[in-house]
Every structure is written in structure tokens, then in C-alpha cells.
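Report on one structure; see the data block that follows.
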Amino acid sequence: MYTPDAALIAMPYGTFRCNRTIAEFWDDLTGDGYNDLAFLHREMTVVDHTTVHCTGVWTMNKAYGRLVRQIWNIGSDGTARMAEEHLEVLGSITGGPPERAAVEARLRHDMLGAAHERV
């Protein structure tokens with residue numbers, strides 16, 4: 001789902017460029033048991049007919065964080081590929097599903113508060 005020259009900025013892990021190194025990063029992470037990704041919130045902004053930006057908040061079974069930015073390019077055939085992904089790990093989840101549920105509830109509460117502040 002990445003463009004051939006894509007960049008993945010995964011803080012605090014580092015920056016990874018090109019499909020091969022990005023795939024290696026995800027393979028290592030999922031091999032360590034990080035999986036079951038869920039987006040609690042995702043906003044998409046259409047920049048033009050070939051570019052979409054995304055931001056959001058996510059959890060996995062062992063971590064949670066924010067999606068600082070994704071830049072999606074839409075090709076002439078309609079296929080969307082990610083040119084850039086910047087994510088930040090905000091914390092770890094070590095207590096299994098009960099802790100994840102508590103983290104998700106806190107993140108939803110925080111997002112609600114932020115939405116009210118914008119109004």
C-alpha cells in the first residue's frame with residue numbers, strides 16, 4: 001500500500017524509506033506480537049484529486065498512539081498508495097484487553113474534550 005519511494009516515520013523507532021525497509025519494520029513489529037490495529041478516530045482531508053491526508057488516533061494490542069499524518073496518492077488507475085506515514089507511539093499496553101479497553105476509553109474521552117474546545 002506504499003509508493004516505491006515512501007517514507008515511514010515511526011517515533012520512537014526511526015525513519016524507514018522504500019517498500020523493502022518499511023515491510024521489514026512492520027514484519028519485525030508484528031513478529032514481536034504487535035497486531036490487532038484499531039483506529040479510534042481518523043480524519044481525512046482531500047487536498048486535490050490525487051492527494052488525501054489522514055490523521056488519527058490508534059491502538060494495538062500492545063501499544064497506542066497517534067497518526068500524525070498519512071499522505072495518500074491516488075494514481076490514474078484509481079489505486080491509492082501511501083507516500084508518507086508519520087506515526088507516534090504514545091504508550092504501551094501490557095495488561096491485555098482490560099488495559100486496552102481502559103486506554104481506548106481515555107483516548108475517546110480526551111478526543112471528546114478536544115472536540116469541545118474547537119467549538
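What follows is calculated from the coordinates using simple rules that are stated; it is not laboratory data. Nothing here was measured: the structure is a model prediction, and the numbers come from that model. Cβ: placed from backbone, ideal geometry, glycine included. Neighbour counts: every protein chain shown.
Under the 0.36 nm per residue contour assumption, what length would be gained going from the current alpha-carbon distance of T55 and E99 to full extension? Please report the intermediate quantities before stating the final value.
On the way: separation 44, 0.36 × 44 = 15.84 nm, distance 2.38 nm.
Difference between extended and current length: 13.5 nm.
State, to one decimal in nm, how far the label point of A38 lies from the label point of S76, with both points 7 Å from Cα in the Cβ direction.
For the pair A38/S76, the computed spacing is 4.2 nm.
Tell me which of P98, C18, N35 sits at the most positive position along the dipole axis of the chain, charges placed on C-beta atoms (Lys, Arg +1; Asp, Glu -1).
P98
Of all beta bridges DSSP finds with both residues in the chain, what is the antiparallel percent, to the nearest 5?
On the way: 32 of 38 bridges.
Counting DSSP beta bridges with both partners in the chain, the antiparallel share is about 85 percent.
Would you indicate which of (i) 1.00; (ii) 1.07; (iii) 1.02 is the value of Rg/Rh (Cα atoms, Kirkwood Rh) derived from the coordinates of this structure?
(i)
Just from the alpha-carbon atoms, what are the Rg and Dmax of region 1-57 in angstroms?
Reported Rg and Dmax, both Å: 13.3, 38.
In region 24-63, which residues have a backbone nitrogen under 16 Å from the label point lying 7 Å from R108's Cα in the Cα-to-Cβ direction?
38-42, 57-60
Treating only the Cβ of Lys, Arg, Asp and Glu as charged (+1, +1, -1, -1), what charge dipole size does the chain show about its Cα centre? Round to the nearest 20 debye.
Values: 11 positive and 16 negative charges, 49 e Å.
So the dipole magnitude of the chain works out to roughly 240 debye.
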